[in-house]
Each structure stands twice: as C-alpha cells, then as structure tokens.
Amino acid sequence: MTPHQYCQTRFAPSGSNLHSALLFEDHERRAALLPIYALDGEIGRLPLRCHDPQVALQTLDWWQSEIASAFEGRPTHPVTLALQDTLRNHDLAEEYCQELLDARRQLVLSRHITGQQELALYSHRSGGVLYLMAAEISGYSERNTHRIAVRLGSHLQRLKHLVGIRQDIDQGFLLLPEALMLQHGVTRSNLQQVATGKHVQNMLCELGDQLRDDILSDLNALPTGDRRPLRHLIIQAELALALLDAIADDGYLLLEHAVQLTPLRTIWLAWRINRREKKTLKQAL
C-alpha cells in the first residue's frame with residue numbers, strides 16, 4: 001500500500017464526505033489535499049483513542065517530531081510521506097500543523113472545554129486551521145476568503161462534536177458552552193443519561209440552528225471568484241447542512257444514536273452541489 005493509498009483507505013473511503021468532496025478535483029489537487037486531511041485525522045483521533053492522557057500527550061509529542069521531520073524532508077509515517085509532494089509544491093507553514101497539535105493538547109489537558117472563548121480557540125486551532133491549509137493549497141484571490149475558510153472549518157469542527165456528543169461524553173469529554181447548558185437547565189448528569197431529555201433536545205436544537213445559520217452565512221459571503229478553487233470546501237459545508245437537516249428530522253436524539261448521511265446520499269448530494277456550482281459560475285461569466 002502506497003502512502004496515498006493509506007490516506008485514501010483510512011480517511012477518505014468511498015462514500016465518505018471527504019471522498020465525495022474531493023471527487024470532482026483533478027488528480028494533482030486531490031493528491032495535494034488528501035494528506036492534510038489524513039494528518040488531521042491521525043491527530044484528531046488521539047484524544048478519544050488514548051484513554052491515558054499521558055499516552056495521548058506522548059503520542060502528540062511524537063507527531064510534533066514527525067511533522068518537523070516531514071518539513072525537513074525526513075518523514076517516516078505513511079501520512080507524512082504522502083505529505084511530501086504537498087509541502088514541495090505549496091508554501092504551507094509548519095505552524096499550521098502545530099495548531100492542529102495544540103488543539104488536541106488543549107482537549108487532552110482540559111477535557112471539559114465549556115467557555116465560549118476556549119471553545120472558539122479549540123475550533124479555530126483544529127477545523128479552522130485545517131480549512132485554511134486546504135484553501136491555501138487550492139488557491140484563492142480575495143482577502144476575505146481567508147477568514148471565511150477559517151470560519152467554515154471552525155463550524156464543521158463544532159458539528160463533529162455535536163454529532164459525536166455521545167462518544168465524547170462516554171470518554172469523559174465535554175465540549176458544550178456552559179452558558180447554554182445553564183440557559184436550558186442541562187447538567188453534566190443529564191448528558192450521561194441514555195435517553196435524550198427534552199431540555200437536552202432543546203439545547204442541541206439551538207446549537208444546530210446556530211451552526212446552520214453560521215455555515216449558510218459564510219457560504220453566502222464567499223466571493224464568486226473563489227468558489228471554483230474552493231469547491232471541495234463548499235461541498236463539505238453543504239453536506240454539513242444536509243446532515244444538520246437529518247439530525248433535526250430525527251429530533252436531536254444524539255445521546256441515543258449518532259446520525260450520518262448514507263454513502264449513496266453523500267455522493268448524490270456532492271454531485272448535485274458540483275453541478276449547481278458549475279452552472280452558477282458559467283452564468284456569472
């Protein structure tokens with residue numbers, strides 16, 4: 001298995017959101033983008049996969065060393081080996097990867113991230129920086145696009161934790177705004193229940209509605225000239241909107257089960273979004 005096959009198999013299997021989003025990119029751009037998502041996937045799984053915080057921190061330290069080696073042209077891991085062409089052809093800052101690591105250190109050390117500023121920092125360091133890297137690889141021309149890409153990535157990181165709230169809680173992590181929990185009368189004990197109580201549903205509904213508004217606002221603000229190079233980010237954001245709709249239709253019963261789009265629906269939606277974007281851009285010319 002080649003390094004790129006490793007990344008594809010583990011982090012962009014057929015029918016996944018990432019696979020569907022990258023499906024319409026040319027081979028060169030897809031090969032450049034896939035390793036950064038794979039790197040984030042490897043690092044992002046650590047807090048949940050390592051039950052011992054010290055083991056998680058030591059593994060993150062190993063990744064910090066491996067990333068430094070990758071930027072020096074001496075990688076050993078399949079993901080950082082796949083990353084070599086990306087680093088040769090795109091001027092990515094090593095500090096971006098450090099932000100991905102720092103986000104997971106923040107999660108391992110804090111476990112309960114409930115302050116608004118803490119949550120914003122965590123979402124920026126993880127999803128926001130990841131989308132910034134993707135935007136820089138894809139290319140953009142408008143200054144505002146930089147900020148929109150970061151915000152979209154932050155929104156999708158928040159969605160990951162909304163969808164995975166059951167797993168987060170079971171592993172001892174809490175990533176919800178404390179002020180919102182107080183507003184809805186939700187306690188940590190409530191979140192540990194098997195059933196999703198009405199007050200928890202109401203809180204999750206408010207979170208979902210806010211996420212939907214934030215994603216739509218940034219998608220609408222994306223400059224027309226940068227929509228073509230950032231098409232795969234648009235597809236991921238709109239798949240997130242479809243997932244939020246599915247969660248709402250299910251009644252926000254996220255403590256009982258996670259909700260995901262089926263692989264067939266994911267590919268179909270991505271195809272429709274890509275066709276619409278091509279048509280819209282053609283009309284704008």
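For this structure, a couple of remarks:
- Exactly one residue among Ala237, Ala149, Ala248, Ala242 is modelled with pLDDT of 95 or more, part of a helix (DSSP H, G or I) and more than 28 Å from Ile43 (Cα to Cα), and that residue is Ala248.
- Segments classed as helices (runs of 4 or more DSSP H), wholly inside segment 1-54, with at least 1 members that are among the charged types (D, E, K, R) and under 24 Å from Arg228 (Cβ atoms): 27-44
- The residue pairs whose first member lies in segment 190-208 and is free of Cβ contacts under 8 Å to residues at least 12 places away in the same chain and assigned to a helix (DSSP H, G or I), whose second member is β-branched (Val, Ile, Thr) and surrounded by 15 or more Cβ atoms within 10 Å (Cβ to Cβ), and whose beta carbons are closer than 8 Å, counting only pairs six or more residues apart or on different chains, are Asn190/Val200.
- Test result for Ser20, more than 30 Å from Leu261 (Cα to Cα) and either modelled with pLDDT of 95 or more or among the β-branched types (Val, Ile, Thr) (or both): no
- Test: residue in segment 175-189 that is under 26 Å from Tyr37 (Cα atoms), touching a residue at least 12 places away in the same chain (Cβ under 8 Å) and not acidic (Asp, Glu): yes
- Applying the set (1) touching a helix residue (DSSP H, G or I) at 6+ places or on another chain (Cβ under 6 Å); (2) acidic (Asp, Glu); (3) touching a residue at least 24 places away in the same chain (Cβ under 8 Å) to Asp85 leaves exactly one unmet item: (1).
- Scanning segment 88-117 for residues that are farther than 15 Å from Gln157 by Cα and touching a Gly at 6+ places or on another chain (Cβ under 8 Å) turns up just one, Arg111.
- Qualifying position, being small (Gly, Ala, Ser) and in contact with a strand residue (DSSP E or B) (Cβ under 9 Å, 6 or more places away or on another chain), among Gly185, Gly172, Gly197, Gly208: Gly172
- Scope segment 77-92; condition among the aliphatic types (A, V, I, L, M) and either over 19 Å from the mean Cα position of the chain (by Cα) or in a helix (DSSP H, G or I) (or both); matching residues: Val79, Leu81, Ala82, Leu83, Leu87
- The C-beta contact set for segment 114-141 (first residue without any contact (Cβ under 8 Å) to a residue 60 or more places away in the chain and among the acidic types (Asp, Glu), second residue part of a helix (DSSP H, G or I) and surrounded by fewer than 21 Cβ atoms within 10 Å (Cβ to Cβ), distance under 9 angstrom, 6+ apart or interchain) comprises Glu118/Gln106; Glu118/Ser110; Glu136/Tyr96; Glu136/His146.
- Leu60 hydrophobic (A, V, I, L, M, F, W, C), at pLDDT below 95, farther than 22 Å from Leu254 by Cα and surrounded by fewer than 22 Cβ atoms within 10 Å (Cβ to Cβ): no
- Some residue of segment 184-199 being touching a His at 6+ places or on another chain (Cβ under 6 Å), under 30 Å from Thr145 (Cβ atoms) and surrounded by 13 or more Cβ atoms within 10 Å (Cβ to Cβ): no
- In segment 111-125, the residues that are touching a helix residue (DSSP H, G or I) at 6+ places or on another chain (Cβ under 7 Å) and closer than 22 Å to Arg49 by Cβ: Ile113, Tyr122, Ser123, Arg125
- Only residues that are under 14 Å from His112 (Cα atoms) and assigned to a helix (DSSP H, G or I) were counted across segment 168-188, and they come to 7.
The values are calculated or read from the model by the stated rules, or taken from the named source; none is laboratory data. The structure presented is a predicted model; accordingly, all values stated were derived computationally and were not measured. Here Cβ is always computed from backbone atoms with ideal geometry, including for glycine, and neighbour counts include all displayed protein chains.
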